[in-house]
Amino acid sequence: MSACPECLARTALLAALSGDVERRFHGRRPPALLSLDDEALISTVRPAGAVRRPDPARLADAAEAARRDHGIEAICRHDPVYPDRLRQLDDPPAVLHVRGAGAELLRRCGDAPGRAPVVAIVGARRAPDEGRLAAARVAAQLAACGATVLSGMAYGIDAAAHDGALRIAEAGDAPIGDGPLTAAVLAGGIERAHPSGLHALYRRILRHGAILGELPPGTTPRRWTFPARNRLIAALADGVVVVAASQRSGSLITAGFAADLDRPIGVVPGPTMDDRYAGSNRLLRVEGVRPVLDASDVGDLIGATLDQLPDRPPGDDAAVASCGTAAPAVVARLRRGPGTIRDLEDAHRGPPTEVLLAVAELEARGVLRRGLDGRLHLVRPGS
Amino acid sequence: MLARLRTFTIDGLEPRAVAVEVDVRPGLPSFTIVGLGDRAVREARERVRAALGNQGYELPQRRITVNLAPASLPKQGPGFDLPIALGLLVASGQVPAGGLDRVAVAGELSLSGELRPGRGALPVAEGARAAGLEAVLLAPDQVAEAALVPDLGVRGARTLREAAAALGEEGRDDRPPTTDADRPPEHEGPDLRDVRGQPLARRALEIAAAGQHSLLLVGPPGTGKTMLARRLPGLLPPMPTREALEVTRIHSVSGLRTGGGLAVERPFRAPHHGTSASGLVGGGSVPRPGEITLAHRGVLFLDELPEFRRDALEALRQPLEDGRVTVLRGGRRSVFPARVLLVAAANPCPCGHGGTPRCRCGDVDLERYRRKLSGPLLDRIDLHVGCPRPSAEEIAGPAGEDSAAVRARVAAARRFADARRRDRGPRRLDADLDEGAAGLLGRCYARGGLSARGRTRILRLARTIADLDRSLSIGVLHLAEALQLRQAIAAEDEQREQAA
């Protein structure tokens, strides 16, 4: 795995011009911008000023330093590992930076027979709890079948999807040699987490999966780099599942890229009266977009058969049942959204002490947790 | 001629004996006060001058020197007016010198020569008794408070002239026939009956009162967090006389009460979130007790906990642990008692509407708020309960249980706990767990949901809940309830840091 000097220079140029793109186009990227060649790109983005071209030797040193310090590999479009499907883009990235099980992930994105699929799960940052649970559940089911859950490590749905897959990876303690169960594509340099609040999630993904990005280490994410990142998610995945997107959500951009690339699109439906689902629900009207209720729908969507792998832990139903007579009722109630212990007692219709016991056991097993306001949230949705 | 009177100044909360020496001798007319007095002491000159004239006495046209001994002890307050005036009268021969060395004198004078109510009557009387004096001479409003000290003559005087007369009246005692200490303590504060809904918070208050556990209330504005906290002092058992005396002394010195005898109500203090560190724990060039000491034996309520200054909360940590505050200022050291039940309140999110559809906070805002909330004080808080908006039925529904019923259960639980400790001696709380409870606690701990400190805290909470249930062993239900009410924010943060 390596990157040739020309491709490294191209990536360095993008990083150098990143701020100019932001200022000149007010955070929006003209559609064909990244497909321009170097000279055209410079004259478009910085017509007046000159750009100092970095020394190729220095770039190679920087790439070497990133590998040494952070374990970040640079893989350019001339490398055999570089996935062919990225070339379907009008503006494929010159270099992919990967960290963790990146090579394994890229191999999965190839066309080897019998490979496990890569499924993107994307959605809004300010997502309702039910949406997060749905994303985590589909992600966990996919991971239990050995598929890779690809997302953008944003707050909300993205984080929930990574988390769902990570719970399977962490529970199974499976080696990632046969492929990471989750991978995140970041909008800036991948040597650190952004948003920085998701640092803990970043570490977990790194331990059990892969982190990748187009821009070289140290690059600050800009507004325009997020949709640019979304094109990579769409291109790398076998299919895209959208969960809880409002009408202005960036995940609809991902869905748009997926449509352009003929990737199948699925949507986890939400309440029709809730604005926070309006964007994703509307996608269902588009021809070819299919509703996704669980992982088997995803399998149908991408034309793969998904079977529960023998070494993956099954769903949480058995665990829930062992948490007391009221536990199933408690979990069923919390799937509809967070609630107080009073709400749970109403849902159970049995002695309140049973609810108390079930909640204690479920919390002890990490199935639910109490929020700041004292309401109980489901952490693991069960299968 | 020289006159010498006894009085006391307050150093922190302690009385310190001061001798007021007045010397009147021939020379150019002058009036000087020496002996490390503050401004109020220096200004006594003008008050004494006017009071003497208005009471029909004469200021001798001679060289007057007043010394407050010991000269190294800083003295403050207007309480030296009366001893200085009386000393002048004795030294100039206008009043006979009887009883001077057997009576402690303290009081502030108005220009007309009337005695004004002042602070610190109780410590002055305590100082007089400890010094073996016969009586204390004070303003009439202070008599009831000074009378809390037994075996001491208490004399009240309305004016300087009455005070001059009372000085020589050996054996006079204005002590009221029965003191307030005999009155059965009555609870008059706000009642829990007024709070609608909030069953979980009510239960948490009861547990907090029974086991002296600190409490965090989280809920949107207007759901009754402050109302609930205000009702906590009324759930605690009445103060025994010893504690009531401590509270009276503190409040007397701080000027929160003047006269009125023994404090009956447990204090409730709710400092504003802008309060400085020294405002909370005490301080100043002359060390004064802070809010935590004013709340001694009662409740300290910190509303809007995340808004408090970090250094102020940091300063509260040690006193909460120790039950007292040590203030070091200018080489002087004061120790104030600070045994409080801490109640903190916070909104669930920056906008305050967390958990309702009105909340528009994103994950980033929530994360930042959470970090702010889990500041320096949170690991001192045992209980954490949400206060959701009460439902329409709860608002319209019948009134809740009243404070008296809860207070009775709290008192019973405390008695049960005392008896349990007495009968069984010191033993580890783990030994009280029954089989089911031990299993549940083990599972919580093994999964990493509990830190070692959190585990101890849970045990203490569960023990209190079992005491309320008058059960010698801690059952699985007691433990389950404790887990439901525990404060886990601090622990969760620790875990996240470990995971990262």
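Each reported figure results from applying straightforward, stated rules to the coordinates on display, with no laboratory input. Since we're looking at a predicted model, the values are computed, not measured. Counting neighbours? That spans all protein chains shown, and the Cβs are built from the backbone with ideal geometry, glycine included.
Quick notes on this one:
- Spin-label zone in the stretch A:363-382 - amide nitrogen under 12 Å from a point set 7 Å from the Cα of A:D294 along the C-beta vector: A:382
- Rounded to 0.05, the FRET efficiency of the B:D423 and B:D365 pair, given R0 = 41 Å and the Cβ-Cβ distance, is 0.20.
- Between helix A:225-236 and chain A: long-axis angle, C-alpha atoms, 0 to 90°, nearest 10: 80
- By other beta-carbon atoms within 10 Å, ranking A:H70, B:H384 with the fewest at the front produces A:H70, B:H384.
- Sites B:A71 and B:T275 - FRET efficiency at Förster radius 45 Å, r taken between beta-carbons, to 0.05: 0.80
- Paramagnetic reach from B:A412 (point 7 Å along Cα→Cβ, amide N under 18 Å) across the stretch B:189-207: B:203-207
- Residue order, fewest to most beta carbons within 10 Å, for B:M239, A:M273, B:M1: A:M273, B:M1, B:M239
- Spin-label model, B:C351/A:A321: points 7 Å from Cα along the beta carbon direction are separated by 4.2 nm.
- Computed from the Cβ-Cβ distance with R0 of 56 Å, the FRET efficiency linking B:D322 to A:D91 stands at 0.30.
- The angle separating the long axis of helix A:251-260 from the principal Cα axis of greatest extent in chain A is about 60 degrees.
- Compared with the dominant Cα axis of chain A, that is its longest principal axis, helix A:5-24 is turned about 70°.
- Backbone N under 16 Å from the A:D38 label point (7 Å along Cα→Cβ), restricted to the stretch A:52-66: A:52-61
- About its Cα centre, the dipole of chain B is roughly 860 debye, where the only charges are +1 on Lys and Arg Cβ and -1 on Asp and Glu Cβ.
- In this label model, A:A171 and A:H26 are separated by 4.8 nm, measuring between points 7 Å along each Cα→Cβ vector.
- Placing pseudo-labels 7 Å out from each Cα toward the beta carbon at A:R53 and B:A50 gives an inter-label distance of 9.2 nm.
- This ranking places B:V22, B:V124 by how few other beta-carbon atoms lie within 10 Å of each, fewest first, which gives B:V22, B:V124.
- Total formal charge among the other residues, if their Cβ is under 9 angstrom from that of B:G475, Lys/Arg +1 and Asp/Glu -1: -2
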